[in-house]
Amino acid sequence: MSKDTLTLTDNRTQQLMNPPVELGTIRAMDLRKIKTGAEDFGLMTYDPAFTNTVSCKSSITFIDGDKGILRYRGSRHRTLAEHCTYLQVAYCC
């Protein structure tokens with residue numbers, strides 16, 4: 001078993017699961033594999049207001065809401081908003 005996994009025990013069925021941990025996260029779809037039977041849809045996550053949800057990995061943007069950091073292609077969003085035109089930002093892509 002890899003060290004980069006998380007061991008979960010479903011106390012309803014006593015089944016063990018070891019989803020991989022990548023960059024400090026597990027995929028929500030891995031939780032869907034935890035079922036009580038063939039007709040069970042699987043576990044889902046509930047995160048009101050997306051306070052602990054990552055939508056994707058990105059090399060283009062960086063967001064740290066707690067610290068108020070938002071960067072696009074390495075530039076601070078405030079700098080882009082205050083000093084660049086729409087076309088300049090669009091051409092960053």
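The sole residue among VAL54, VAL21 that is surrounded by 10 or more Cβ atoms within 10 Å (Cβ to Cβ), out of contact with any Pro (no Cβ under 8 Å at 6 or more places or on another chain) and modelled with pLDDT under 90 is VAL54. Taking each residue of region 36-50 that is under 17 Å from ARG12 (Cα atoms) and free of Cβ contacts under 8 Å to residues at least 40 places away in the same chain and looking for partners that are open to solvent by 100 Å² or more (accessible area, probe 1.4 Å) and in a loop (DSSP other than H, G, I, E, B) with beta-carbon atoms closer than 6 Å, six or more apart or interchain, yields THR36/ARG12. Taken as a whole, the structure leaves HIS77 outside the set of residues that are of a type outside the set (Ser, Thr, Tyr), farther than 26 Å from ALA28 by Cα and modelled with pLDDT of 90 or more. For beta carbons closer than 8 Å, sequence separation of 6+ or different chains, a first residue in region 15-32 that is farther than 13 Å from CYS56 by Cα and a second that is assigned to a helix (DSSP H, G or I), the qualifying pairs are MET17/ASP30; PRO19/ASP30; PRO19/LEU31; PRO20/ASP30.
The values are calculated or read from the model by the stated rules, or taken from the named source; none is laboratory data. Note that the structure is a prediction, hence the values are computed from the model and not measured. Positions of Cβ are generated from backbone atoms using ideal geometry, with glycine treated the same way; all protein chains shown enter the neighbour counts. The protein model used for the area step is the full one, side chains on, heavy atoms only, and it has no ligands, DNA or RNA in it. Shrake-Rupley method; radii C 1.70, N 1.55, O 1.52, S 1.80 Å.
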